[in-house]
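Here the structure comes first, spelled out in structure tokens, and everything after it is commentary.
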């Protein structure tokens, strides 16, 4: 892989990982139609790590608040357990807890943990089936069309919007992320659409979807890291260039999508998904 190829792959990953057009679907179709070789496990892991790092940097204040609130909640619970109880502190109704915004941050953290479970279970139980799906370009193309339909439904979201997610919302969005392990189903598109369908504010739905992507991306990366290390794989200069490119492109991609979602324009990406999916079906039938 040349430096230019590494940069191009990094740019593609940075753009499609968060824009609701399915990075895995684009990669699978490109490999089939162009007869391209995969860049290797180490490079793929590094690209995903770069995009997860971009999310952490973009939402750094929110992430710091969530981690701090969860740590405080745990310390408080441990302290109460050691002291044998006591009068309830202010916070969660009827039980000792944190005050105000910190309680909301801690709740968001635990909801993110809950929302990560479905994708983790599906990835573990159906890993072989998902890998086989990557080798079926017609299925990938059809699922891109399905992604377009999912995005189109957000156009009709009406009614009062909520600013805070419930555990049911977290589980519903987590199930959408689990479905998105299939190539052609956009993770960001499916999870944001699920949040909007649950009644969350568009901006809140997008924030929750982005934060929810971090544990599953990092988890999958660490699992694949063992394979890369066992094979003695290394990035090289081209790989490093691709990782830097992915990170640099991912940051503005997140910002753009946040603005698009807040403005109610997520459904516009449906046209692109339909076009690419239809083109993929035609090309795979002809070639």
Sort 61, 202 so that the residue with the fewest other Cβ atoms within 10 Å of its own Cβ comes first and the one with the most comes last. 61, 202
Please state the shape class of the stretch 102-179: rounded when a/c is under 1.5, otherwise prolate if a/b exceeds b/c and oblate if not, all from the C-alpha gyration tensor. oblate
Using the count of nearby Cβ atoms within 10 Å as a rough guide to exposure, how do 256, 146, 78 rank from fewest to most? 78, 256, 146
Calculate the spin-label point distance for residue 149 paired with residue 161, positioning each point 7 Å from the Cα along the beta-carbon direction, and give it in nanometres. 2.6 nm
Given a Förster distance of 22 angstrom, what is the FRET efficiency for residue 279 paired with residue 256, based on the Cβ-Cβ distance and rounded to 0.05? 0.40
Please arrange 272, 156 by how many other C-beta atoms lie within 10 Å of their C-beta, fewest to most. 156, 272
Residue separation between residue 60 and residue 222 times 0.36 nm, minus their alpha-carbon distance, gives in nm 56.2 nm
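Where a number appears in this text, it was derived from the coordinates with a stated rule and is not lab data. Quick caveat: nothing in here was measured; it's all calculated off a predicted structure. Cβ sites come from the backbone with ideal geometry, for glycine too, and all protein chains shown count toward neighbours.
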